[in-house]
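Written below as structure tokens is the structure these notes are about.
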Amino acid sequence: MNLSYWEYKTWLSNIDFTIVGSGIVGLNCAYYLSKKYPKAKILILEKGTLPQGASTKNAGFACFGSISEIVSDLKSHSKEEVLELVRSRWEGIQLLRNTLGDSKMDFQQHGGHELFLKESSELYNECSESLNDVNSLLKTVYGEDAYYFHPNAFGFNKIHNQYLSNRFEAQINTGTMMNSLLSLVRRSGVSILNSVGVTSFDDGQGTVKVCTNQFEFESGKLIIATNGFANQLLDQKVKPARAQVLITKPINNLQIKGTFHLDKGFYYFRNIENRILLGGGRNLDFETEETSEFGHTELIQNRLDTMLHEIILPNTDFEIEHRWSGIMGIGNKKRPIVKQLSDNLICGVRLGGMGIAIGSLVGKKLADLT
Ligand SMILES: Cc1cc2nc3c(=O)[nH]c(=O)nc-3n(C[C@H](O)[C@H](O)[C@H](O)COP(=O)(O)OP(=O)(O)OC[C@H]3O[C@@H](n4cnc5c(N)ncnc54)[C@H](O)[C@@H]3O)c2cc1C
């Protein structure tokens, strides 16, 4: 695109920091940079008309790890590592709450519950037996016993009679959270240009040349916060992982309230007002879902429909209103990649399925690295 002198001068010259990606990480990074360097010129480039990855597509669980996840992690990580993972999620949520305020994201702490299918008795028993140990391990994070047995009060079908629940888990409104974050960042003087995709960059001496699908310019530092799309610009160990979701139309007299994990977390659902939002099923076809293309498949959507009919709402009439997908960034480790790649290049990617919990912290850490 042939930009004018005014356009270059106003929007694209003397840029101190350019952030690629306006998800929760990119926005938090911009916010903390603006606090650290009040006079700096900070620019966010976002390829979507709205943020177009995971941060506006997710389920809005403010969660720290269901019990089966913790039990499984303890088999492949040390106790200290697991403690650290849970602590980072806990601290990340507190940071997000402090940054925005609970009302700006409709934070509601109804608790979270892990449900175990009847055929998963072995896992259920293993998790039940580990409950006390897990509570002791995580007491320094939560301050009290977080996990407990909860009766099947919502009448789910085909599951064990007790949930293993976490009293601190909460839910947010993902849309208002991201909208508030965008407003906060704009108010902090950061400029956000949408529909601009970064295609490549040249990490030269002193500055970085940034090439986009519309124009080129120089930036003091470049910060990549593109999560599941990271490999389009960087050589890091991040794979895209698509996650499919659906939401019902409003349901009369819906009693279900809270966040729910099912089948080792491969499925998750919650109420949002008087609707049910349900996602998951990547485990049915990992290969097809390892993609950065949005879309849904019959295989997974049919499974989600069946779960609603048979397990979640067995005695309730409902209709599906809407289906969508989002792209996560995952890898063989649960930790995000937050690192300085050269003097002027930093990345914060691979947020996995917990980016709401850790996104603020990762954004802040990126700003701290400058
Ligand atoms: C369906 C679903 C459900 C989830 N549920 C939860 C949940 O309940 N709780 C939880 O904690 N986490 C959940 N997650 C994970 C969480 O949403 C993510 O970990 C988090 O949003 C990642 O934030 P991010 O800023 O790193 O990435 P993103 O939000 O993906 O942001 C990256 C941005 O970079 C932009 N971009 C990419 N490439 C370029 C480029 N070349 N040029 C310009 N812009 C570019 C993208 O358009 C995107 O907006 C879920 C994810 C999905 C998909």
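If I fit a long axis through the Cα atoms of helix 174-187 and take the longest principal axis of the Cα atoms of the chain, what angle between them do I get, 0 to 90°, rounded to 10?
So the helix axis and the longest Cα principal axis differ by about 20 degrees.
Just by accessible area at a 1.4 angstrom probe, what is the order of L131, L137 from largest to smallest?
L137, L131
Using a 1.4 angstrom probe and counting only protein chains, how large is the accessible area of D203 in Å², to 10?
So the heavy atoms of D203 present about 60 Å² to solvent.
Stretched out fully, how many nm does the piece from D305 to K209 gain, at 0.36 nm a residue minus the Cα gap?
29.8 nm
Run through all the Cα pairs of the range 306-359 and give the fraction in each 10 Å bin from 0, expressed as whole percent.
Values per bin, smallest distances first: 19, 27, 23, 18, 9, 3.
Could you check the spin-label model distance between E80 and D368? Points 7 Å from the Cα along Cα→Cβ, value in nm.
Each label point is offset 7 Å from its Cα along the Cβ direction, giving 1.8 nm.
Rg and Dmax of the range 75-123, using alpha carbons, in Å: what are they?
For the range 75-123, the Cα radius of gyration and maximum Cα-Cα distance read 15.8, 43 Å.
Please give the charge dipole size of the chain, origin at the Cα centre, charges +1 on K and R Cβ atoms and -1 on D and E Cβ atoms. Round to the nearest 20 debye.
Roughly 1140 debye, rounded to the nearest 20.
How big is the chain in terms of Cα radius of gyration and Dmax, in angstroms?
According to the Cα coordinates of the chain, Rg and Dmax are 21.2, 68 Å.
Normalise the Cα radius of gyration of the range 1-85 by 2.2 N^0.38 Å (N = residues in it) and let me know the number. If you can, show how the numbers build up before the last one.
Values: Rg = 19.5 Å, N = 85, 2.2 N^0.38 = 11.9 Å.
Ratio of Cα Rg to 2.2 N^0.38 Å: 1.64.
Need one value: the accessible area of M105 in square angstrom, 1.4 angstrom probe, rounded to the nearest 10.
Using a 1.4 Å probe on the heavy atoms, I get roughly 0 Å².
Could you tell me the number of lysine pairs in the range 231-370 with C-alpha atoms less than 18 Å from each other, where the two lysines are 8 or more residues apart or belong to different chains?
So the count works out to 12.
Leaving out ligands, DNA and RNA, and with a 1.4 Å probe, what % of the accessible surface on the range 178-277 is carbon or sulfur?
43
Could you point to the residue in H150, V208, S128 farthest towards the positive end of the range 108-243's charge dipole, with +1 and -1 charges on the Cβ of Lys/Arg and Asp/Glu respectively?
V208
Any chance you could list the semi-axes, whole Å, largest first, of the equivalent ellipsoid that the Cα gyration tensor gives for the range 38-179, using √(5λ)?
Whole-Å semi-axes of the equivalent ellipsoid: 32, 19, 15.
Per residue, how much accessible area does the chain show when a 1.4 Å probe rolls over the protein heavy atoms, in square angstrom?
Spelled out: the 1.4 Å probe surface of the chain, per residue, equals 45 Å².
Tell me the relative contact order for the chain as a rounded percent, counting alpha carbon contacts under 8 Å between residues six or more apart.
26
For Y5, Y31, what's the largest-to-smallest order of accessible area, 1.4 Å probe?
The ranking, largest first, comes out as Y5, Y31.
When only the heavy atoms of the protein chains count and the probe is 1.4 Å, how do L341, L115 rank by accessible area, highest first? Walk me through the intermediate numbers first.
On the way: L341 60, L115 0 Å².
Most to least solvent-accessible, the answer reads L341, L115.
Once you charge only the Cβ atoms, +1 for Lys and Arg and -1 for Asp and Glu, what is the size of the charge dipole of the range 175-250 about its Cα centre, to the nearest 20 debye?
The calculated dipole for the range 175-250 is roughly 500 debye.
Could you tell me which of L341, F318, A230 has its Cα farthest along the dipole of the chain towards the positive end, charges placed at Cβ (Lys, Arg +1; Asp, Glu -1), taken about the Cα centre?
L341
Can you compute the modelled spin-label distance between E287 and S195, with each label point 7 Å from Cα toward Cβ, in nm?
Taking the two extended label points, one gets 3.8 nm.
What value, in deg cm²/dmol to 500, does the helix sum -39500 (n - 2.57) over DSSP H runs of n ≥ 4 give at 222 nm once divided by the residues of the chain?
On the way: 9 runs with 108 residues, N = 370.
Value at 222 nm, helices only: -9000 deg cm²/dmol.
Treating the angle as unsigned and between 0 and 90°, give the value, to the nearest 10°, between the Cα long axis of helix 24-36 and the longest Cα principal axis of the chain.
Orientation of helix 24-36: about 50 degrees from the principal axis.
Which value, in Å² and to the nearest 10, is the accessible area of V338 when all protein chains are kept and the probe is 1.4 Å?
Approximately 50 Å² for this residue.
Can you give the Kirkwood hydrodynamic radius for the range 15-63, in Å, rounded to one decimal and based on Cα pairs?
It is 11.7 Å.
Not counting the cut sites, what is the longest span of the chain without GluC sites (Glu not before Pro) that DSSP labels loop and that have at most 14 other Cβ atoms within 10 Å? Spell out each step's value before the answer.
Numbers: sites that count: E119, E144, E273, E290, E293, E319.
So the longest stretch without any such site is 145-272.
The values are calculated or read from the model by the stated rules, or taken from the named source; none is laboratory data. These numbers were taken from a predicted model, which means no experiment stands behind them. Positions of Cβ are generated from backbone atoms using ideal geometry, with glycine treated the same way; all protein chains shown enter the neighbour counts. Note: areas computed on protein heavy atoms with side chains; ligands, DNA, RNA excluded. Shrake-Rupley method; radii C 1.70, N 1.55, O 1.52, S 1.80 Å.
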